[in-house]
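Q: First the structure, then my questions, so here it is.
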Amino acid sequence: MSDKTSNNKRIAKNTLVLYFRMIFLMVISLYTSRVILDALGVEDYGIYNVVGGFVALFGLISAALTSACSRFLNFEMGKGDVQKQNVVFSTALTIQWTLAIIVFVIAEAIGVWYVNNVMVIPVERLTAANWCFQFSVFNFCMNIVTVPYNASIIAHEKMKTFAYVSLYEGVSKLIVSFLVYYEPFDRLVFYALMLLIIQFTVRYTYQVYCRKHFEECHYKRVFDKPLLRNMLSYSLWHLAGNGAPLLKNQGVNMVLNLFYGPTVNAARGIANQVEGAVHQFSSNFMIAINPQITQSYASGNMPYMFELVEKGTRFSFYLLFVITLPLLSYTDTILHIWLKEVPDYTLIFTQLTLIMMLVRALSRPMIIAQNATGNVRNFQLTIGFIIMLNLPLSYMFLKLGFGAEIVVIIALIIEIIALFVRIFMLKSTIPQFEPLRFITRILWNCCKVAFIPTLLMFILSMFIRHTIVIDFLFIILCFFLCLTSVIGLGCTRTERIYIVNKTRAILNKLRK
């Protein structure tokens, strides 16, 4: 069996494992959101989202170092140097612990003042918000020092372990959401404390597993100055690009709080929950394929890397589209079934966010390819600047009196611009990449797949009478329309044969 065939089978197997995890976690996540919104109420739910969002702003640096850790581990694995992998892991862990201490000091110095003096929070809930902030800071610091272990598991493509721990985390949060009803003190404070305890157990589990199974995951006091400089340099430039979306999301959330208060933050939080759940459909495939892209580049196998980038772009979009269009077509019905109380702006926030996710899915494989080269300065500075425009533009338009939905409209337009900038900038670091071929073959293919089901659902929605039963039947119809379009128009002949054969094999097993 060739290495390429073996790699493709491993990607397919890991994707399947992650999809079982995703389906389970998506159901848990969405139901947990319903329970927590009901238990905390709209106001406290909004407070948690905006306070937790402020803490997440410190994740700008962590996001960059996470990418650096994953990239350098995958690169050394592509070379097969175990000793160098240990140096990378130890260096990353040292950096993450140092970062955790710095974040804690800055959060205590600036964050407490911001929560008490700038955020729009009812006076009677200020004490609870402060406790929530403190627990969120510790939660975030715990998450920072988990990064090298998480990156090692993904780099080794041990997706079953990654899935099991994620399932534990999801089930634990569901249990906590019910315990909130019976808390011994303040519900918001209790919820934040329990999330901190869950994060601690997740971090400890990753640490024990990695030390037991991966030789390079035993910390050693090393000081590799060139590696440290390279990782920090990579992280610095990566900060501008991959940290910018976090600043956009959480910064805009804080701006919304200034103009509309915690109620609109609750609506934004629900939209983010939907985004996180649906995002798993495409991200699971990319988690499985990411190590292969980086390792192919490290080994000099450029044709296979480009094949993975193109396939990753198509299937990330397809997997997201088949679930997104049904949700877009009947968002209002789904929200009212899902939630006991739907806050204002939730509908428009959710719909625009889902559309933006489809655009973003087209960019993800190109970002991985760019990161694999290690030459990210110009790419990340440019993309970071474009995405950071969300914050000043959102503030300006809200100040001019536009509705809260304007922040998501701005984000969607900027995401489309960033997509085309990424396509043409990738050519500068990987000369073999052909932007026009990518646009005419991959992007056009995705647009073609999306057009017919979208048009048919738009026409049908104008003539049907909306009831829960009819909407449910049309959601199923929409799903199969999308699936038919993907298989018929979006897949190659080889891919269609593979899908048909696998489907037949599964059906034959079910009959026996």
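Q: How many residues, within the stretch 299-323, are under 16 Å from Thr429 (Cα atoms), of a type outside the set (Val, Ile, Thr) and surrounded by 19 or more Cβ atoms within 10 Å (Cβ to Cβ)?
A: 2
Q: Looking only at the stretch 466-497, how many residues end up being part of a helix (DSSP H, G or I) and at pLDDT below 75?
A: Looking only at that region, the number is 0.
Q: In the stretch 450-504, how many are of a type outside the set (A, V, I, L, M, F, W, C) and surrounded by 13 or more Cβ atoms within 10 Å (Cβ to Cβ)?
A: The total comes to 10.
Q: Additional query: Would you confirm whether or not the stretch 352-373 contains a residue that is more than 29 Å from Met302 (Cα to Cα), within 21 Å of the chain's Cα centre (by Cα) and β-branched (Val, Ile, Thr)?
A: yes
Q: Inspect all residues belonging to the stretch 342-360 and state whether any of them is hydrophobic (A, V, I, L, M, F, W, C) and more than 17 Å from Val408 (Cβ to Cβ).
A: No, the stretch 342-360 has no match at all.
Q: Hey, Val137 hits all of (1) within 21 Å of the chain's Cα centre (by Cα); (2) among the hydrophobic types (A, V, I, L, M, F, W, C); (3) surrounded by fewer than 20 Cβ atoms within 10 Å (Cβ to Cβ); (4) within 24 Å of Ala266 (Cα to Cα) but one; which does it fall short on?
A: Just one mismatch for Val137, condition (3).
Q: Can you work out which of the residues in the stretch 103-117 that are surrounded by fewer than 17 Cβ atoms within 10 Å (Cβ to Cβ) and touching a residue at least 24 places away in the same chain (Cβ under 8 Å) is nearest to Asn150 (Cα to Cα)?
A: Only one residue tops the list, namely Ile106.
Q: Applying the selection to the stretch 147-164, what residues are within 17 Å of the chain's Cα centre (by Cα) and either polar (S, T, N, Q) or farther than 13 Å from Val103 by Cβ (or both)?
A: Once the filter is applied, which keeps residues that are within 17 Å of the chain's Cα centre (by Cα) and either polar (S, T, N, Q) or farther than 13 Å from Val103 by Cβ (or both), the stretch 147-164 yields Asn150, Ala151, Ile154, Met159, Phe162, Ala163.
Q: Does the stretch 405-420 include one or more residues that are among the hydrophobic types (A, V, I, L, M, F, W, C), more than 20 Å from Glu310 (Cα to Cα) and part of a loop (DSSP other than H, G, I, E, B)?
A: There is no residue in the stretch 405-420 that is among the hydrophobic types (A, V, I, L, M, F, W, C), more than 20 Å from Glu310 (Cα to Cα) and part of a loop (DSSP other than H, G, I, E, B).
Q: Identify, by number, the condition in (1) touching a residue at least 60 places away in the same chain (Cβ under 8 Å); (2) small (Gly, Ala, Ser); (3) under 25 Å from Pro262 (Cα atoms) that Ala163 doesn't meet.
A: Condition (3) is where Ala163 drops out.
Q: Let me ask you something else. For the stretch 420-437, name all the residues that are touching a residue at least 60 places away in the same chain (Cβ under 8 Å) and surrounded by fewer than 17 Cβ atoms within 10 Å (Cβ to Cβ).
A: Passing the criteria: only Gln432.
One line per residue, one yes/no per condition, for (1) in contact (Cβ under 8 Å) with a residue 12 or more places away in the chain; (2) at negative phi; (3) among the hydroxyl-bearing types (Ser, Thr, Tyr):
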{"residue": "Ser172", "(1), (2), (3)": "yes, yes, yes"}
{"residue": "Val176", "(1), (2), (3)": "yes, yes, no"}
{"residue": "Val180", "(1), (2), (3)": "yes, yes, no"}
{"residue": "Glu183", "(1), (2), (3)": "no, yes, no"}
{"residue": "Asp186", "(1), (2), (3)": "yes, yes, no"}
{"residue": "Gln199", "(1), (2), (3)": "yes, yes, no"}
{"residue": "Val202", "(1), (2), (3)": "yes, yes, no"}
{"residue": "Tyr206", "(1), (2), (3)": "yes, yes, yes"}
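Q: Oh, and also: Would you check which residues across the stretch 368-424 are farther than 30 Å from Leu258 by Cβ, modelled with pLDDT under 85 and aliphatic (A, V, I, L, M) and list them?
A: Correct list: Ile368, Ala369, Ala372, Val376.
Q: Filter the stretch 458-491 for residues that are among the hydroxyl-bearing types (Ser, Thr, Tyr) and more than 28 Å from the chain's Cα centre (by Cα); which is farthest from Leu328 (Cα to Cα)?
A: Thr467
Q: Among the residues of the stretch 404-418, what is the count of those that are free of Cβ contacts under 8 Å to residues at least 24 places away in the same chain and more than 20 Å from the chain's Cα centre (by Cα)?
A: Here the count works out to 1.
The values are calculated or read from the model by the stated rules, or taken from the named source; none is laboratory data. Because the structure is a prediction, the values reported are computed rather than measured. Please note: Cβ atoms are built from the backbone with ideal geometry, for glycine as well, and neighbour counts cover all protein chains shown.
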